[in-house]
Amino acid sequence: MGFRSAANAVFGMVLGSGAQMVSNVVAAMAATAWLSLSERGVMVTIMAIAGLSSVFGTLGVGAAFRARLPREELATGALTASFVMAGACFAAFAAALAAGAMLVLDATSSPGLATPPQLLAVVLATVGLAGLSVLADLRIANGRYASSGRWAALAALAGLAGLMASWLLFPASAVSLVLGQSAGVCFALVLSAWAAVRSRLIGSSRPTRTSFGALVRTGVGMMVLPSSLALLTRADRVILEVTEPSSVVAIYALAATYVEVVRIVPTAIGQMASRAVAQGVAFRKVLQLCAASGVASVLLGGAMVAMAAIATEPLFGADYADAVVWALFLIPAEVGYAVLAVMNFALIGGMWSRSATALGVAAAGLGVVAYVTGATFGGAVGLIVARDITMLVVAAGAVVLAAVLFRRRRPLSAALSSRRF
């Protein structure tokens, strides 16, 4: 991909991701304003569980598809059909996983968290997130970056519309808002699937056992690092729900929302890294992508904190004042995320599943220990420090690992001839 094509692709994805970000931020701010601290904390927990389950439950088949499709010369139709089938099956599995997690929390640390309406909410939210992820992977693997960004934006807008409709029609609660938002997302999911069929991204080919099995085997091998990244960026709310009142979770979630919106640029750049590495790009280019992502995170994060300092108390009241300072100290973690977002997709594109698994296991272990320790002994502030340290350490480790792997890299044709899928 030439510079102009790459720039256009990044611009298209950033534009789509920007619209998605604005919609998600407005939805989060609206829910913060409409709900009590405790109800907002419950909503954050439900969405965090749905987000984690949508990553763990799909068993990495999206990453496997992104890595395999650019390399395929034959049977791409069967591979695509097998991926769509796997995505549908594992989205259902992810929903069951989310419901199980809610039941565990209800039985151990948060009684009353697994009522039937709450279980329905987490299931619907998980299906929407997992389904959209499958269709995003389908488009990105085919090089349709701008289209992926547009559909992500549409889904976020539909979720915002559903959230507002729920607020207008029913008494505001965590469950009603999650159900409304998720219903809108699922509506967009149906439209996105229909568009994929119309554009022949999903054709008439049938899935095969060989392709299905290859995706699952490769995906399971590749899922550890993306799952660890999801754990590092989403499990903090769940851990804080166990150690602190829901009101603290709500304040922390607002702080995290302020700085996490900067992820639109690292995510857009990282999406391209997988396909670029699969096609043989040099490590120097990957480092350039990491540097651009990190700088963007610092600049955008600082701007968001400045806006938060002005708007937080007038919009949400003095109870949320701590969110501004917490957001400022969460910026280092976002710099680490910016590097990891690129390196994650680079390792996927290189099909370095064993190395990615080792990094993912180490990252997950460090993250869980650091987060639990920080939250237990320092509350939200302790968790923030733990998150900053963990993300920066793991990002540095990912860069070193990638440097070694790229140095040992063989020509693409030789790698393919010896790779067992």
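The values are calculated or read from the model by the stated rules, or taken from the named source; none is laboratory data. In this text, all values refer to a predicted model and were calculated from it rather than measured experimentally. Cβ coordinates were reconstructed from backbone atoms using ideal geometry, including for glycine residues, and neighbour counts include every protein chain displayed. Areas reflect the complete protein model, heavy atoms only, side chains present, ligands, DNA and RNA absent. Shrake-Rupley method; radii C 1.70, N 1.55, O 1.52, S 1.80 Å.
Across all C-alpha atoms in the range 350-401, the radius of gyration and Dmax reach 12.5, 40 Å. Rg/Rh for the range 221-379 stands at 1.02; both radii use Cα atoms, and Rh follows the Kirkwood definition. Summed over the residues of the chain and divided among them, the accessible surface reaches 42 Å² per residue at a probe radius of 1.4 Å. Distances between placed amide hydrogens fall under 5 Å for GLY280 paired with no residue 5 or more residues away or on another chain. Note on the chain: GNM, Cα springs under 10 Å; of ALA333, ALA88, ALA255, the largest mean-square fluctuation is that of ALA88. Whole-Hz Karplus values for the range 147-164 come out as 4, 4, x, 5, 6, 4, 5, 4, 5, 5, 5, 5, x, 5, 4, x, 5, 5 Hz, taken residue by residue from phi with 6.51 cos²θ - 1.76 cosθ + 1.60 and θ = phi - 60°; glycine and proline positions read x.
What does the charge count around ILE269 come to, taking other residues whose C-beta lies under 13 Å from its C-beta (Lys +1, Arg +1, Asp -1, Glu -1)? Mind showing how you got there, number by number?
Values: positive: ARG263, ARG275, LYS285; negative: none.
Net charge in that neighbourhood comes out at +3.
Near MET222, within a Cβ-to-Cβ distance under 11 Å, what is the net charge of the other residues, with Lys and Arg +1 and Asp and Glu -1? Here the charged neighbours net out to +4. Sum up the charges of everything whose Cβ sits under 15 Å from the Cβ of ARG200, counting Lys and Arg as +1 and Asp and Glu as -1, but leave ARG200 out. Summing Lys/Arg as +1 and Asp/Glu as -1 gives +3. Taking 7 Å steps out from each Cα toward its Cβ at MET29 and ALA96 produces label points 4.1 nm apart. Against the chain, whose longest principal axis is taken from its Cα atoms, helix 322-349 shows a tilt of about 10°. A Cα-only calculation for the range 48-176 places Rg and Dmax at 17.0, 55 Å.
Report, please, the projected area of the chain averaged over directions, based on the convex hull of its C-alpha atoms, in nm². Could the numbers behind the result be given before it?
Numbers: hull surface 74.7 nm².
One quarter of the hull surface, i.e. the mean projection, equals 18.7 nm².
Per atom type, the range 124-226 shows carbon and sulfur on 67% of its accessible surface, probed at 1.4 Å.
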